[in-house]
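The next block holds one structure in the form of structure tokens; read it before the comments.
The values are calculated or read from the model by the stated rules, or taken from the named source; none is laboratory data. Quantities reported herein were computed from a predicted structural model and do not represent experimental measurements. Neighbour counts run over all protein chains shown; Cβ positions are idealised from the backbone, glycine included.
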Amino acid sequence: MNRLLVLTELFLPTKGGTAVWAAEVYKRLGGKEIHIVTADVPGAAAVDAAHPNTIHRLNLKRIPWLRPESLAMYARFFFTSLALAITHRFDAIHAFRALPEGLVAWAVARLTFRPLAIYAHGEELTTWGRGGKFKAMRFALRHADRVVANSEHTRDTLLEMGIDPARITIIYPGVDVSVFRPGLDTTGLRESLGIRPDEKLVFSVGRLSRRKGFDQVIRAVVKLRAEGIPLRYVIAGIGEDADYLDGLVAEHNAQGIVHRIGAVSEADLPRWMNACDVFAMPNRDINGDNEGFGMVFIEAAACGKPSLAGEAGGTGSAVLHEQTGLRVDGNSAYAIANSLAALLEDAAMCRRLADHAYARVQERFAWNQVSQVTEKLIYSRS
């Protein structure tokens, strides 16, 4: 029986890979003896009622007039976690990020003499500058018994920060292969946008931020349409770049070619993955902001689809170039267009990449496999 205290500000029903990862792994490692301290958000009650772990919800909102504005959040996190650690015989404490969770978890772990593991996802390591926040993050990571890196790229970044390589363990994120799988009914999806059977479909999903490269795919798709390749592009997700992307579509008169459909439901996301011919997210580095891994790539792979990824960040762990998809320079719309054309026009190559991607997911990325690797950390000290 695994007895764990898990600190994660991000947890379902909050959207995003980190929230999904925390929910999926720990429910496979145990039941009520695993306690998760997380943020109280709308819809939390329904998630908590169905989740096998014990969930403790806190108000973790920052207070703008307080200095620092996160002080109350840290205090709530700390005192709740410390009380749980004192009254329960936990085997270990896990924190899903270095800040705020990791710093709090470090203090609680040292006061209660428990081993500590902190997760590192990549983008937070390169976007927080070199000020006080970065120093606090580095302190937490350097003093953890284990640091979980989500990719080789993240591990390399940790090494540059001076983290002891003996303390770093790579654990890739996973995917629910019972949800993301080939053969799902896609009736009505393509038809809802007037996509003809003879038209190829490129699909993207994620936060609408510049690093994802959705703007570059728009440019590439417009170029390929002009060259006579019948295709459409569907973008799912919300974010700060929504107006920018809409403006780019209008600039290229691509309203009938590019479709931005906003947030999609959990049930419809794997259906869209099945409906597309290629999944595309040619990520790039924007002032140190890059993709740490890219869980969406393995979700597409689990549905039997090849991916087009960028060369920046840690996506090389999610997409193996010319094995499960293609990786290109995300700064070059020309390179993206050429790679998309190769995937869309060479059916044999596309099928080979898709088959390898699917097999790799079944072997390494199903949540059960990820949970088994995680379990080895529980009693691990440096």
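Selection of region 41-97 for residues being among the charged types (D, E, K, R) and within 23 Å of Phe139 (Cβ to Cβ) yields Arg62, Arg67, Glu69, Arg76, Arg97.
Which fully enclosed helices (runs of 4 or more DSSP H) of region 118-205 have 3 or more residues being under 18 Å from Val264 (Cα atoms)? Give the steps one after another, and end with the answer.
Numbers: elements: 123-127, 132-142, 152-160, 189-192.
Where helices (runs of 4 or more DSSP H) fall fully within region 118-205 and carry at least 3 residues being under 18 Å from Val264 (Cα atoms), they are 189-192.
Within region 316-364, the only residue that satisfies the criterion of being in contact with a Ser or Thr (Cβ under 8 Å, 6 or more places away or on another chain), without any contact (Cβ under 8 Å) to a residue 40 or more places away in the chain and of a type in the set (S, T, N, Q) is Thr324.
Which residue out of Ala348, Ala354, Ala359, Ala342 is in a helix (DSSP H, G or I) and exposed (fewer than 13 other Cβ atoms within 10 Å of the Cβ)? Quick ask: steps written out before the conclusion?
Values: Ala354 fails: exposed (fewer than 13 other Cβ atoms within 10 Å of the Cβ); Ala359 fails: exposed (fewer than 13 other Cβ atoms within 10 Å of the Cβ); Ala342 fails: exposed (fewer than 13 other Cβ atoms within 10 Å of the Cβ).
Unique residue meeting the criteria: Ala348.
For region 145-153, indicate whether the set of residues that are farther than 23 Å from Val6 by Cα and either without any contact (Cβ under 8 Å) to a residue 40 or more places away in the chain or outside the structural domain of Asn59 (by TED's automatic domain parsing) (or both) is non-empty. Checking region 145-153: not a single residue is farther than 23 Å from Val6 by Cα and either without any contact (Cβ under 8 Å) to a residue 40 or more places away in the chain or outside the structural domain of Asn59 (by TED's automatic domain parsing) (or both). Counting the residues of region 104-124 that are surrounded by fewer than 19 Cβ atoms within 10 Å (Cβ to Cβ) and touching an Asp or Glu at 6+ places or on another chain (Cβ under 7 Å) gives 0.
Could you list, in sequence order, the residues of region 197-231 that are of a type in the set (Lys, Arg) and over 18 Å from Ala347 (Cβ atoms)? Full working, then the answer.
So in region 197-231, the residues of a type in the set (Lys, Arg) come out as 200, 207, 210-212, 219, 223, 225.
Matches in region 197-231: Arg207, Arg210, Arg211, Lys212, Arg219, Lys223, Arg225.
Can you go through Lys32, Lys15, Lys27 and tell me which one is closer than 25 Å to Gly206 by Cβ, basic (Lys, Arg) and assigned to a loop (DSSP other than H, G, I, E, B)? Testing whether each residue is closer than 25 Å to Gly206 by Cβ, basic (Lys, Arg) and assigned to a loop (DSSP other than H, G, I, E, B) leaves just Lys15.
Table: residues versus (1) of a type outside the set (Val, Ile, Thr); (2) over 27 Å from the mean Cα position of the chain (by Cα); (3) modelled with pLDDT of 95 or more.
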{"residue": "Leu66", "(1), (2), (3)": "yes, yes, no"}
{"residue": "Phe90", "(1), (2), (3)": "yes, yes, yes"}
{"residue": "Thr126", "(1), (2), (3)": "no, no, no"}
{"residue": "Gly131", "(1), (2), (3)": "yes, no, no"}
{"residue": "Val147", "(1), (2), (3)": "no, no, yes"}
